[in-house]
Every structure is written in C-alpha cells, then in structure tokens.
Amino acid sequence: MTNRYVYGVMTDDPVEFETDAVGDADHVYTVSHRRLSAVVSNIDTTDPEETDEDAQRHDDVLREVMDRDGGRTIVPMQFGMAFESDRALKNVLRGARPAFRRAINDIEGRIELGLKLVREEDADVDPDAIEEAVEDELDPIAAQSVPNDLFSDRLVLNRSYLVERDDRERFDEAVARLEDGHDDLIVRYTGPFAPYSFVDVKIGAQR
C-alpha cells in the first residue's frame with residue numbers, strides 16, 4: 001500500500017491515529033509541506049472505487065479530525081484523491097497553497113449543516129412563504145448558505161449552511177422553531193459535516 005489517499009488539508013499540528021480508513025487501511029497520519037498538512041492513509045491504488053462503506057469512512061475520518069483539540073479546521077477533499085508518493089502529494093500542496101490558504105480562512109471555526117424540508121403527502125404549501133420563513137430564521141445566524149438540488153417534487157427546500165461552531169446551538173433552536181411552526185413539513189436536519197459545499201479547491205488529476 002504505497003499510495004497516499006487524501007481526506008483533507010489543514011494548517012493545524014499533524015495528527016496520527018488508528019481508525020477504520022478508506023481501502024481497509026487502519027492508520028491515518030499527515031504528510032506536510034511548509035505549513036500545510038494533508039491528512040492521509042495508505043492505499044494500494046490511485047483510483048479507489050467509491051463504495052458506500054469507504055465513502056462513510058472518508059466522512060468519519062474528516063469528522064474525527066474536526067472534533068480533535070476542541071475543534072480543528074480541515075479543507076475536505078472529495079472522495080477518491082490518491083497520489084503515488086509523498087513527493088507527488090507535496091508537489092500538489094505546493095502548487096495549490098494559495099487556494100488552500102483562502103479556503104481555510106473561509107471555513108476557519110465553521111461547520112456545515114444541511115436542511116431539507118419535505119411537504120407531507122397531500123399537503124398544500126406555499127414554497128415562497130416557506131423560503132421566506134427559513135431566510136428570516138436562519139440567514140442571520142449562518143455565515144453563508146447554498147441551495148442544493150430539489151431532487152423530488154415533495155422537496156420544498158434543500159440548503160447547506162456554513163455556521164460558526166459557537167452558533168451551532170442558536171442554529172439548532174432556529175431549526176426547531178421552523179419545525180414547530182410548520183406541521184405540514186417533514187424537517188430533515190443533518191450534520192455537522194466538513195464544509196464540502198463551501199470550498200472548491202481542485203487538486204491533482206481530476207477525472
């Protein structure tokens with residue numbers, strides 16, 4: 001297992017821990033270049049197949065890093081970034097350093113939370129009014145938000161929010177108020193996640 005599978009990049013102190021990692025690895029550690037550290041595990045391919053199990057492990061490793069030392073900031077990579085050697089990885093870190101610096105500044109101390117509002121079967125709802133109610137409650141608390149696909153006709157709203165860790169409780173309470181005020185909606189509130197929706201750093205051989 002000579003290749004390096006990358007979960008994300010940070011500027012905090014290196015980490016090292018044992019866990020169930022992607023591709024049956026059990027050891028996560030960092031490869032550093034200057035002040036950037038890539039969180040990696042070893043893998044026997046540079047083109048890993050995205051199984052449900054490995055996608056979950058990818059997220060679990062990111063979450064474990066985020067939860068360390070009172071909360072760390074890590075720029076998450078999409079599933080499947082793997083490099084042939086430390087040297088290849090360090091070259092990428094060198095080339096993308098300004099982009100990583102910007103991304104880390106944008107998400108420092110913040111988490112991603114997801115909100116989906118689904119109308120109950122046969123409920124007649126006003127999507128514009130709901131969107132306005134959501135904006136009134138959540139936009140003042142969130143640092144940023146982005147819309148996601150409305151992939152079903154019962155899905156009234158699907159957004160990701162970037163929220164300061166310290167505002168998490170206020171955000172939870174605001175979502176609870178929305179839920180209390182809308183009996184005709186099913187609220188699916190998820191997270192925290194690494195802020196995938198708010199970073200866009202492309203590295204390596206993008207397929």
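The values are calculated or read from the model by the stated rules, or taken from the named source; none is laboratory data. Everything numeric in this text was worked out from a predicted model, so none of it was measured. All Cβ positions, glycine included, derive from the backbone under ideal geometry; neighbour counts span all protein chains shown. The protein model used for the area step is the full one, side chains on, heavy atoms only, and it has no ligands, DNA or RNA in it. Shrake-Rupley method; radii C 1.70, N 1.55, O 1.52, S 1.80 Å.
Some notes on this structure:
- Lone unmet requirement of (1) within 27 Å of PRO98 (Cβ to Cβ); (2) at pLDDT 95 or above for HIS27: (1)
- Any hit, the range 57-80, residues being among the aromatic types (Phe, Trp, Tyr), touching a helix residue (DSSP H, G or I) at 6+ places or on another chain (Cβ under 6 Å) and surrounded by fewer than 19 Cβ atoms within 10 Å (Cβ to Cβ): yes
- Being more than 19 Å from GLU179 (Cβ to Cβ) and touching an Asp or Glu at 6+ places or on another chain (Cβ under 8 Å) is a description that does not apply to ALA96.
- Matching residues in the range 80-93 - criterion: being part of a helix (DSSP H, G or I) and closer than 12 Å to VAL9 by Cβ: LEU89, LYS90, VAL92, LEU93
- Within the range 87-132, considering residues that are of a type in the set (Asp, Glu) and surrounded by 15 or more Cβ atoms within 10 Å (Cβ to Cβ), the one modelled with the lowest pLDDT: ASP106
- Hits in the range 49-79 - residues which are in a loop (DSSP other than H, G, I, E, B) and farther than 14 Å from GLU108 by Cβ: GLU49, GLU50, THR51, ASP67, MET77, GLN78, PHE79
- Matching option when the condition is open to solvent by less than 60 Å² (accessible area, probe 1.4 Å), closer than 20 Å to GLU108 by Cα and among the hydrophobic types (A, V, I, L, M, F, W, C), among VAL40, VAL22, VAL28, VAL15: VAL15
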